[in-house]
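Asks: A single structure is presented below for examination.
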Amino acid sequence: MANSAGRRYFDKKTAEGKTRNEAIRCLKRRIAAHVWRIMLADEHRRHTDQPSARAA
């Protein structure tokens, strides 16, 4: 995808002077951080959605 958020981030990093491999490494870190935030939010939601199950 030529105009995706990941491609724009990659292009930004290469414009900053990073090599292709360095830009890919940065993109991987960004994706991993995003996935981690989603996992934490899901875990938090799962614990707050079931208070009655704990009380029983």
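Just so it is clear, none of the values below were taken in a lab; they were calculated from the coordinates. This structure is a prediction, so every number in the text was calculated from the model and none was measured. Heads up, the Cβs are rebuilt from the backbone with ideal geometry, glycines too, and the neighbour counts pull from every protein chain shown.
Asks: Between the helical axis of 20-48 and the dominant principal axis of the chain, each derived from Cα atoms, what acute angle in degrees is found, rounded to the nearest 10?
Replies: Computed tilt is about 10 degrees.
Asks: Given the peptides 13-24, 29-40, arrange them by the average over their residues of other C-beta atoms within 10 Å, most packed first.
Replies: Output ranking for 13-24, 29-40: 13-24, 29-40.
Asks: Would you indicate which of [x] 58, 20, 13; [y] 38, 25, 17; [z] 36, 22, 17 is the value of Cα extents along the principal axes in Å derived from the coordinates of this structure?
Replies: Calculated Cα extents along the principal axes in Å: the matching label is [x].
Asks: Ok, one more. What's the FRET efficiency of Arg45 with Arg8 using the Cβ-Cβ distance as r and R₀ = 25 Å, to the nearest 0.05?
Replies: Efficiency computed from Cβ-Cβ geometry: 0.30.
Asks: Does anyone have the angle between helix 5-15 and the longest principal axis of the chain? Alpha-carbon axes, 0 to 90°, nearest 10?
Replies: The angle comes out at about 40 degrees.
Asks: Where the only charges are on Cβ atoms (+1 Lys, Arg; -1 Asp, Glu), what is the dipole of the chain about its Cα centre, to the nearest 20 debye?
Replies: Rounded to the nearest 20 debye, it is 260 debye.
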